[in-house]
Amino acid sequence: MSPSRQYRKKGSITSVAFCKLPVPQRHSDNPRKAESIVKQNQIPPFFFCTDRGGLNYADDLGHCTEVQQLSSAVDTMLFYEERCRLVIITRSLLLTQYQVGEDGRVSRVNQAKLSVAGDVAEKGIQDVVWAGPGILAIATQEKMIRLLDLAADENYNLSLSSAGGELISRNDYVYTLAYNPLDRYLVV
């Protein structure tokens, strides 16, 4: 492994997400432009956030630009490939979706405040994974898994007690998650 580029920003980096952009229909008849976009996706551009709330766009050519200044630090950032969106959850529990243009520009599409119990805002979200197309599973140190269906704009809570009665202790909380898309298993 060897570094190919270095990007310096003030503060610590808290999240990184690669951004695989589709070839736009308007370039499908322009082979040179389509080839450029395909080549860009071989080493895709990426977004990263700092602990100061800076959302930055960078590519393998050494370009690095702050595209947004958020109100608080970012706990989680994922790329929603089917809709070409960046999904961000901040420390203040604000979930924001940004539409990503082929040039890396972002525009806010949707924003919602997550409602969670306890001191999650102080500790932060523990883990977030994709649990199907457009579905986020979120671990918040509670006795439940929070599921957000971004495509349908709906949310659900799955209680640990409903998962297996005698298998779950009263002291069990959800700290981390993993999803197997082939078998459609969510491990908690």
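Data for the structure
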{"item": "Scan of the range 91-119 for residues that are open to solvent by less than 20 Å² (accessible area, probe 1.4 Å) and within 18 Å of N155 (Cα to Cα), ordered by number", "result": "L93, L95, T96, Q97"}
{"item": "Leading residue by the ranking (most open to solvent (accessible area, probe 1.4 Å)) among those in the range 47-88 that are of a type in the set (A, V, I, L, M, F, W, C) and modelled with pLDDT under 90", "result": "L61"}
{"item": "Members of the range 83-101 that are part of a loop (DSSP other than H, G, I, E, B) and within 15 Å of C19 (Cβ to Cβ)", "result": "C84, G101"}
{"item": "Residue ranges of strands (runs of 3 or more DSSP E) in the range 123-163 with at least 3 members open to solvent by less than 50 Å² (accessible area, probe 1.4 Å)", "result": "127-130, 135-139, 144-149"}
{"item": "Whichever residue in the range 3-17 is in a loop (DSSP other than H, G, I, E, B) and more than 12 Å from D59 (Cα to Cα) and, among such residues, is most open to solvent (accessible area, probe 1.4 Å)", "result": "R8"}
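The values are calculated or read from the model by the stated rules, or taken from the named source; none is laboratory data. Worth saying up front: this structure is predicted, and the values here are computed from it rather than measured. Note that we place each Cβ from the backbone using ideal geometry, even for glycine, and neighbour counts take in every protein chain shown. All accessible areas refer to the heavy atoms of the entire protein, side chains included, with ligands and DNA or RNA removed. Shrake-Rupley method; radii C 1.70, N 1.55, O 1.52, S 1.80 Å.
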